[in-house]
There are 2 protein chains.
Amino acid sequence: MSMSTLVVSRDDIEHALGGADVLGAMESAFMAYSGKRAIVPPVGELLFDNPPGDAHIKYGYIKGDDFFVIKVATGFYDNPSKGLPANSGLMLVFDARTGLPSAVLLDEGHLTNVRTAAAGAVSAQHLAPPRIHRIGICGTGVQARLQLQQLAEVTECREALVWGRSSESTSAYCEAMSRLGFRVEAAKSTWEITRSCNLIVTATIASDPILAAADVQAGTHITAMGSDTPHKNELEPQLLATADLVVADSISQCMERGEIHHALHHSGFSVGQVVELGAVVAGDAEGRTSESQITICDLTGVAVQDIEICKAVLKNLPYTQLG
Amino acid sequence: MSMSTLVVSRDDIEHALGGADVLGAMESAFMAYSGKRAIVPPVGELLFDNPPGDAHIKYGYIKGDDFFVIKVATGFYDNPSKGLPANSGLMLVFDARTGLPSAVLLDEGHLTNVRTAAAGAVSAQHLAPPRIHRIGICGTGVQARLQLQQLAEVTECREALVWGRSSESTSAYCEAMSRLGFRVEAAKSTWEITRSCNLIVTATIASDPILAAADVQAGTHITAMGSDTPHKNELEPQLLATADLVVADSISQCMERGEIHHALHHSGFSVGQVVELGAVVAGDAEGRTSESQITICDLTGVAVQDIEICKAVLKNLPYTQLG
């Protein structure tokens with residue numbers, strides 16, 4: 001017998017995303033994760049030396065779901081010099097009642113980018129102050145773009161300030177984001193960002209803090225999403241120690257990587273102060289309680305986001321009805 | 001940009017296998033594994049309760065290769081009652097220099113079946129006595145069929161004796177194998193197998209030994225491939241303790257599952273007696289040294305087999321030249 005496994009191209013995936021409630025999917029993802037309804041084993045990893053690269057396998061399912069998902073994400077950092085994207089990958093969807101492969105999503109890593117950016121929007125929706133006067137973006141890469149794009153779903157603010165290490169990429173960022181309806185200016189330093197923005201997204205690969213505790217003003221929300229390894233670090237540890245609220249996508253994962261991981265190695269901060277984003281979304285933990293608080297959300301990426309964005313894509317494919 | 005990932009159907013995979021040197025690929029696989037040239041991280045696993053099922057993710061690469069491989073294998077044991085195969089899965093091939101997905105092999109688990117059976121043939125080729133007068137098969141399932149089929153590549157013997165627990169499935173086995181050119185009779189007990197066969201393959205899901213040490217005659221080679229979990233057990237531990245040579249596909253894996261695992265819990269047998277199949281194939285370890293020896297090969301399945309069979313399929317696809 002021959003089974004029918006749906007093979008979905010990137011074009012069809014992007015089309016399906018257009019009709020999908022990606023933010024709602026991410027809310028469900030974080031609630032399932034924090035509600036202990038997600039089965040997510042440790043990430044599989046392959047490392048390569050020559051050329052340098054890595055492949056990560058994230059997989060799991062939400063109890064009671066019709067599907068389980070296996071995602072492969074690759075990063076080969078010499079690729080751009082060959083005219084190829086550094087990141088790629090695909091997602092596999094299997095029927096959780098039969099184990100048969102339902103769909104192969106040839107997304108080239110796009111779904112990872114979108115789900116990561118959408119998590120930033122969920123973070124802002126639940127933690128940012130009600131009136132956002134200017135959005136600050138640290139970084140000018142793919143995530144810096146997608147984060148701002150996704151924020152348009154949760155705020156009417158279209159004023160943005162971007163900081164990048166290269167003036168070329170910063171100019172390119174301003175141009176690209178202007179076309180999406182934002183008024184974007186380039187900041188000379190991250191201090192300009194902290195001075196004028198009350199919603200800040202850090203989306204860099206910094207390994208030394210780029211935001212200083214002393215600079216961040218009352219009434220600011222920061223989503224730190226650039227650091228996803230033990231090494232990377234975007235926020236000064238003192239900033240987490242003095243913040244009114246620190247939120248993690250996954251407390252256990254953030255203890256090993258991301259901003260919280262770094263802050264735990266400094267005095268004045270303990271993991272007991274951290275709540276999970278899914279608990280805030282579900283109303284099981286308190287989020288921001290006043291406009292003047294400083295809130296921080298540390299995003300390191302969890303497989304449950306991959307599961308939910310796959311489900312959202314499958315639901316919105318025009319030519320099939322799976323599950 | 002859109003990358004081209006080749007999606008290969010089961011029909012095309014079977015066609016490619018027809019032109020592939022699968023046994024040579026398995027020899028390469030075991031030599032790479034035993035020669036420490038394979039990077040094979042621990043297997044990923046997902047378990048399901050209702051209905052009962054599992055998914056395993058095996059992945060890795062051989063140093064210096066152009067590709068890395070990720071295999072997903074599923075087993076959902078209520079499937080046959082729904083008219084579906086219990087086992088399924090697929091294999092993913094990625095470019096090891098760019099991380100881009102090269103091919104999705106929608107093999108429905110067929111490549112796992114073939115590589116597992118081909119390992120049995122490699123075992124027989126390197127360990128069986130030179131004159132095989134009758135082949136004994138314990139079990140009547142897919143592997144019992146494929147094992148005998150693959151053995152036709154390494155011996156001219158077409159006399160076979162099969163033992164199964166159900167007379168219906170044993171008859172069906174005899175019929176199916178007759179069509180492939182074997183003269184197959186049904187044995188009433190495994191004692192009949194040990195008495196008349198000098199090449200025996202055990203391919204059952206037994207959790208209590210089906211072959212007794214006292215019954216096995218001098219000059220016999222046994223390939224035990226049914227047990228791939230800590231629980232399953234086909235050979236009496238004493239049989240390994242008294243055998244002249246015990247060979248494992250992976251010593252480290254066989255210490256945790258398969259026949260060797262069970263024998264290690266009994267006196268008179270130690271892991272120091274075990275050599276790896278890849279070392280025998282490479283000529284780095286001694287195989288059978290006389291016609292009268294009893295040799296045993298314990299196969300539990302290693303990811304390097306998946307890597308090599310994928311490469312063999314890719315090389316033999318008519319419509320593309322990858323790598």
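Could you look through region A:57-92, keep only residues that are surrounded by fewer than 19 Cβ atoms within 10 Å (Cβ to Cβ) and in a helix (DSSP H, G or I), and pick out the one that is nearest to the other protein chains (Cβ to nearest Cβ)?
A:Lys82
Has region B:41-56 got any residue that is within 7 Å of another protein chain (Cβ to nearest Cβ), assigned to a strand (DSSP E or B) and touching a residue at least 60 places away in the same chain (Cβ under 8 Å)?
No: zero hits.
Any chance region B:260-273 includes a residue that's within 30 Å of B:Gly19 (Cβ to Cβ) and surrounded by 18 or more Cβ atoms within 10 Å (Cβ to Cβ)?
no
Mind checking whether some residue in region B:93-105 is more than 7 Å from every other protein chain (Cβ to nearest Cβ) and either assigned to a loop (DSSP other than H, G, I, E, B) or modelled with pLDDT under 95 (or both)?
No, because not a single residue in region B:93-105 is more than 7 Å from every other protein chain (Cβ to nearest Cβ) and either assigned to a loop (DSSP other than H, G, I, E, B) or modelled with pLDDT under 95 (or both).
Would you check which residues across region B:182-211 are small (Gly, Ala, Ser) and over 22 Å from the mean Cα position of the chain (by Cα) and list them?
Once the filter is applied, which keeps residues that are small (Gly, Ala, Ser) and over 22 Å from the mean Cα position of the chain (by Cα), region B:182-211 yields B:Ala186, B:Ala187, B:Ser189, B:Ser196.
Among the residues of region A:177-210, write down those that are of a type in the set (Gly, Ala, Ser) and touching a helix residue (DSSP H, G or I) at 6+ places or on another chain (Cβ under 6 Å).
A:Ala186, A:Ala187, A:Ala203 - these are the residues of region A:177-210 that are of a type in the set (Gly, Ala, Ser) and touching a helix residue (DSSP H, G or I) at 6+ places or on another chain (Cβ under 6 Å).
Residues that are more than 15 Å from the chain's Cα centre (by Cα), at pLDDT below 95, over 22 Å from B:Tyr59 (Cα atoms) and away from every other protein chain (no Cβ under 14 Å): does region B:151-165 have at least one?
Yes; the residues of region B:151-165 include at least one that is more than 15 Å from the chain's Cα centre (by Cα), at pLDDT below 95, over 22 Å from B:Tyr59 (Cα atoms) and away from every other protein chain (no Cβ under 14 Å).
Which residue is farthest from the other protein chains (Cβ to nearest Cβ), if the candidates are limited to region A:1-40 and must be in contact (Cβ under 8 Å) with a residue 40 or more places away in the chain, within 27 Å of A:Val122 (Cβ to Cβ) and assigned to a loop (DSSP other than H, G, I, E, B)?
It comes out as A:Asp21.
Might you let me know whether region A:285-304 holds any residue that is within 23 Å of A:Ile205 (Cβ to Cβ) and open to solvent by 40 Å² or more (accessible area, probe 1.4 Å)?
Taking every residue of region A:285-304 in turn, none turns out to be within 23 Å of A:Ile205 (Cβ to Cβ) and open to solvent by 40 Å² or more (accessible area, probe 1.4 Å).
Search region B:19-34 for residues being open to solvent by 40 Å² or more (accessible area, probe 1.4 Å) and modelled with pLDDT of 95 or more, and hand back the single one that is farthest from B:Leu277 (Cα to Cα).
Only one residue tops the list, namely B:Asp21.
For region A:46-91, enumerate the residues that are within 21 Å of A:Asp12 (Cβ to Cβ) and charged (D, E, K, R).
A:Asp66, A:Lys71, listed by residue number.
Here is a list of conditions, (1) surrounded by 21 or more Cβ atoms within 10 Å (Cβ to Cβ); (2) over 20 Å from A:Ala218 (Cβ atoms); (3) in contact with an Asp or Glu (Cβ under 7 Å, 6 or more places away or on another chain), and A:Glu308 meets all of them except one; can you say which number that is?
With (1) surrounded by 21 or more Cβ atoms within 10 Å (Cβ to Cβ); (2) over 20 Å from A:Ala218 (Cβ atoms); (3) in contact with an Asp or Glu (Cβ under 7 Å, 6 or more places away or on another chain) applied to A:Glu308, the lone miss is (3).
For B:Ala124, state whether it is at the interface with chain A (Cβ under 10 Å from one of its Cβ atoms) and farther than 25 Å from B:Asp49 by Cα.
Here the answer is no, as B:Ala124 does not meet what is asked.
So how many residues does region A:174-232 have that are open to solvent by 50 Å² or more (accessible area, probe 1.4 Å), within 17 Å of A:Ala124 (Cβ to Cβ) and not aliphatic (A, V, I, L, M)?
Of the residues in region A:174-232, 1 are open to solvent by 50 Å² or more (accessible area, probe 1.4 Å), within 17 Å of A:Ala124 (Cβ to Cβ) and not aliphatic (A, V, I, L, M).
Output the number of residues of region B:151-173 satisfying the condition of being open to solvent by 30 Å² or more (accessible area, probe 1.4 Å), assigned to a helix (DSSP H, G or I) and not small (Gly, Ala, Ser).
Here the count works out to 1.
Anything in region B:280-308 that is modelled with pLDDT of 95 or more and within 17 Å of the chain's Cα centre (by Cα)? List them, or say none.
Passing the criteria: B:Val280, B:Val281, B:Thr295, B:Ile296, B:Cys297, B:Asp298, B:Leu299, B:Val304, B:Gln305, B:Asp306, B:Ile307, B:Glu308.
The values are calculated or read from the model by the stated rules, or taken from the named source; none is laboratory data. All values derive from a computational prediction rather than experimental measurement. All Cβ positions, glycine included, derive from the backbone under ideal geometry; neighbour counts span all protein chains shown. Side chains included, ligands, DNA and RNA excluded: accessible areas come from the protein's heavy atoms. Shrake-Rupley method; radii C 1.70, N 1.55, O 1.52, S 1.80 Å.
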